[in-house]
Amino acid sequence: MRTTVKVSGFTLGLAAVFTAALGLGHAVGPTRATTAAHTAGHDSNSTEQTPGASTHLPAGLQVTQDGYRLTPLTATLATGAPQPFRFQITGPDGTPVTRYTTSHDKDLHLIVVRRDLSGFQHVHPSLAADGTWSVPLAVAAPGQYRAFADFQPAGRAEGLTLGVDVAAPGHYRPAALPAPAASATVDGYTVTLNGTLVPGTSSKLTLSVSKDGSPVTDLQPYLGAYGHLVALRDGDLAYLHVHPDGAPGDGRTAAGPQISFSAEVPSAGAYRLYLDFQHAGKVRTAEFTAVAAAPGRQAAAPPPTGTASPQPSPSHGDDSHTHG
Ligand SMILES: [Cu+2]
């Protein structure tokens with residue numbers, strides 16, 4: 001008798017947990033049904049949203065979305081000599097995706113950054129016939145890293161950015177986020193940032209490149225643009241790939257010194273911006289911290305001269321931008 005009562009109680013408990021899990025899944029995870037509603041134009045689903053909340057999560061926060069999943073095949077990242085970092089993107093049918101739509105000259109862009117927003121790398125892995133991506137990779141220091149795969153499966157209308165954590169074993173000394181600054185230096189280049197990030201609004205950002213005090217007017221196209229800008233939100237590393245205004249050869253876009261972008265950040269707060277630009281045959285990355293003001297408030301003006309990011313990321317040399 002006693003046993004029966006216990007079992008019943010346990011079964012009840014299970015049922016309660018299962019119901020709670022269902023509720024949670026409904027609230028935060030797109031089920032097949034809500035995904036379909038999204039595709040159809042989020043009507044039924046949007047009624048469940050907090051008023052004013054964005055319907056879609058920012059990119060890069062999930063390891064799986066709409067049936068696609070980013071699966072690392074390499075357990076850890078190397079500090080020292082580069083080691084192959086391998087991963088797959090599996091599709092809704094569970095098999096590795098082998099066909100992609102090219103974007104910015106590449107089928108997949110891999111961004112690797114430590115969780116404290118240091119050690120940024122933007123590399124382009126090679127795809128094997130079986131759907132395995134691989135790239136030689138080393139990071140400058142131990143720590144917990146975030147790897148973002150930015151890609152568009154063939155036949156899908158829009159791109160996806162999935163993110164996964166990968167550790168570089170060792171003693172992790174997290175670095176503080178550098179203070180907001182309007183200029184940064186890298187390899188003798190000075191890059192200045194103009195513009196203010198406003199949450200929920202397309203904000204124009206202009207970056208100007210100079211070297212030895214002279215404006216650089218012969219920037220070279222890199223992946224179909226004079227600059228590529230990635231923004232990561234401090235705190236959760238929400239990912240924004242910001243699109244440049246204008247393209248090389250369109251008759252109106254100069255090869256510097258200014259590169260313009262339209263950026264829409266999802267919230268107030270601090271972001272780390274990473275600008276990739278190419279000059280004299282080499283791709284470099286200038287980094288900035290920028291703060292998006294809460295709507296209706298004035299953003300604090302960044303100091304005129306930057307604590308330029310120390311930037312000697314040894315892992316971010318020529319190789320990290322060579323397309324294999
Ligand atoms: Cu790329």
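Every read-out reported here was derived from the displayed coordinates using simple, explicitly stated rules and does not represent laboratory data. For clarity, every value in this text was computed on a predicted model and none was experimentally measured. In this analysis, Cβ positions are derived from the backbone assuming ideal geometry, glycine residues included, and neighbour counts consider all displayed protein chains.
Listing for the model above:
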| quantity | calculated |
| --- | --- |
| Cα centroid separation - segment 249-297 against segment 163-198, whole Å | 13 Å |
| J(HN,Hα) series, segment 217-228, from Karplus relation 6.51 cos²θ - 1.76 cosθ + 1.60, nearest Hz, glycine and proline x | 10, 10, 4, 10, x, 10, 6, x, 8, 7, x, 10 |
| Set of segment 253-267 residues, backbone N closer than 18 Å to the point 7 Å along the Cα-Cβ line of Asn194 | 253-263 |
| His279 long-range amide H proximity, modeled H, under 5 Å | Gln220, Arg284 |
| Exposure proxy order (Cβ contacts within 10 Å, fewest to most) of Ser118, Ser267 | Ser267, Ser118 |
| Reachable aspartates and glutamates from Lys211, criterion Cα separation under 17 angstrom, eight or more residues apart if same chain | Asp187, Asp276, Glu287 |
| Cα→Cβ-extended label distance, 7 Å offset, between Ala175 and Gln83, nm | 2.3 nm |
| Full-stretch length increase - Val63, Ser134 - with 0.36 nm per residue and alpha-carbon distance subtracted | 23.8 nm |
| Net lengthening on full extension, Ala294/Ser267 (0.36 nm per residue, minus Cα-Cα) | 9.0 nm |
| For Val216, distant residues with modelled amide H under 5 Å away | Val209, Ser210, Lys211 |
| Spin-label model distance (nm) - His56 vs Arg99, 7 Å beyond Cα toward Cβ | 2.3 nm |
| D (Stokes-Einstein, µm²/s), Kirkwood Cα radius, segment 64-168, 1.002 mPa s at 20 °C | 155 µm²/s |
| Highest to lowest packing among 204-213, 152-161, scored as the average C-beta count within 10 Å | 204-213, 152-161 |
| Chain lengthening between Thr76 and Asp234 when straightened (0.36 nm per residue, less Cα-Cα) | 54.5 nm |
| Distant-in-sequence amide H partners of Ala181 (H built 1.01 Å from N, under 5 Å) | Thr289 |
